[in-house]
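Scroll down for the structure; my scribbles are underneath it.
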Amino acid sequence: LTASVRQQTRVAGARERRTAALYAMSRELAVTRGLESMARVAVLHVAEVFQCKAVVLLADASGKLQYPRGQPLESSLRRADLAVAQWVADHSQRAGLGSDTLPAAAALYVPLGEAERAVGVLAVLPVNQRRVLLPEQSHLLDTFAGQIGLALERARLAEVAEASSLAAERESLRNTLLASISHDLRTPLAVMAGAGSTLAERGATLDESTRVTLARSIETKALEMSDLVSNVLDLMRFQSGEISLRRDW
């Protein structure tokens with residue numbers, strides 16, 4: 001009876017520690033911004049709980065997994081097999097160490113995200129294989145992977161929403177700019193049309209001073225329109241990133 005109570009106490013303590021570790025990672029992921037930063041947070045917690053080297057491989061826009069771009073952590077796995085990880089991402093199934101697929105691989109690769117589309121892959125290389133292969137530890141690793149996948153998916157959706165918001169704001173600004181430009185172009189055009197019409201219809205009856213004044217007004221408004229069009233072209237070059245700033249005095 002005493003041995004049974006001790007065993008239950010150890011099991012309860014282990015469950016409490018696992019729950020605390022999972023909560024700590026979820027809480028830190030919730031306040032972290034950026035996919036790369038979240039991946040680093042996940043690696044730190046997974047490496048601590050499972051006593052392993054770990055890395056989170058994220059998919060780019062085309063769905064291809066990439067190594068992290070930042071400085072690797074001390075607990076980072078630097079020799080992850082991208083080919084195995086890509087298979088895991090494409091099929092949303094485990095592969096590598098202790099699995100039915102490519103069991104000869106040194107590390108274990110776990111998909112992150114929903115079954116239809118993984119946002120990345122978690123690769124772990126344990127110091128002691130029992131830390132990830134025992135049934136209870138394997139289930140815990142799946143739980144960690146699920147939480148990491150949900151956090152990454154939320155971050156990716158937030159980035160998409162922000163990009164959509166910026167695109168809508170740019171479109172609104174573009175429409176406002178076009179409306180303003182249309183008004184600014186209409187005014188000098190009206191002046192030029194009026195002056196040109198007067199010169200064409202009554203030019204012979206006007207005195208020299210009036211004809212010069214009308215011609216000067218046409219020239220002035222044409223120069224204003226030229227400046228306005230130049231500014232619009234400069235704005236387009238700014239938006240396309242083709243402008244070179246002159247930083248000297």
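The values are calculated or read from the model by the stated rules, or taken from the named source; none is laboratory data. Bear in mind the structure is a predicted one, so any value in this text is a computation, not a measurement. Neighbour counts are summed over all protein chains in view; Cβ atoms, including those assigned to glycine, are modelled from backbone coordinates with ideal geometry. Note: accessible area is taken over every heavy atom of the protein model, side chains too, but ligands, DNA and RNA are not part of it. Shrake-Rupley method; radii C 1.70, N 1.55, O 1.52, S 1.80 Å.
Some values worked out for this structure:
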quantity	calculated
Per residue solvent-accessible surface (Å²) - the chain, probe of 1.4 Å	65
Normalised per residue, the volume of the convex hull around the Cα set of region 80-192 (Å³)	132
Dipole moment magnitude, nearest 20 debye, region 1-145 about Cα centre, only Lys, Arg, Asp, Glu C-beta charged	480
Under DSSP loop assignment and at most 12 Cβ neighbours within 10 Å, longest trypsin sites (Lys or Arg not before Pro)-free interval of the chain	80-245
Filtered GluC sites (Glu not before Pro), region 141-249: DSSP coil and at most 14 other beta carbons within 10 Å	E242
Heavy-atom accessible surface of region 127-249: percent carbon and sulfur, 1.4 Å	59
Backbone HN-Hα couplings from phi across region 67-78 [Karplus 6.51/-1.76/1.60, Hz, Gly and Pro as x]	5, x, 7, x, 5, x, 7, 4, 8, 6, 8, 9
Given [x] 0.97; [y] 1.84; [z] 0.92, the label whose value is Cα Rg over 2.2 N^0.38 Å derived from this model	[y]
Rotationally averaged projected area of region 1-66 (alpha carbon convex hull; nm²)	5.8
Length-normalised contact order for region 1-97 - Cα pairs under 8 Å, 6+ apart - percent	17
Phi to ³J(HN,Hα) by Karplus 6.51 cos²θ - 1.76 cosθ + 1.60 over region 92-109, Hz, x for Gly, Pro	6, 9, 5, 7, x, 3, x, 9, 7, 10, 6, x, 6, 5, 6, 10, 9, 10
Sum of side-chain charges, R17 neighbourhood, beta-carbon under 14 Å (Lys, Arg +1; Asp, Glu -1)	+1
Shape parameters for region 86-126, alpha-carbon atoms, Rg then Dmax in Å	9.4, 28
Linear extension gain, A83 paired with R69, 0.36 nm per residue minus alpha-carbon span	3.2 nm
The chain: DSSP helices with Cα axial extent of at least 18 Å and average Kyte-Doolittle hydropathy no lower than 0.5	35-50
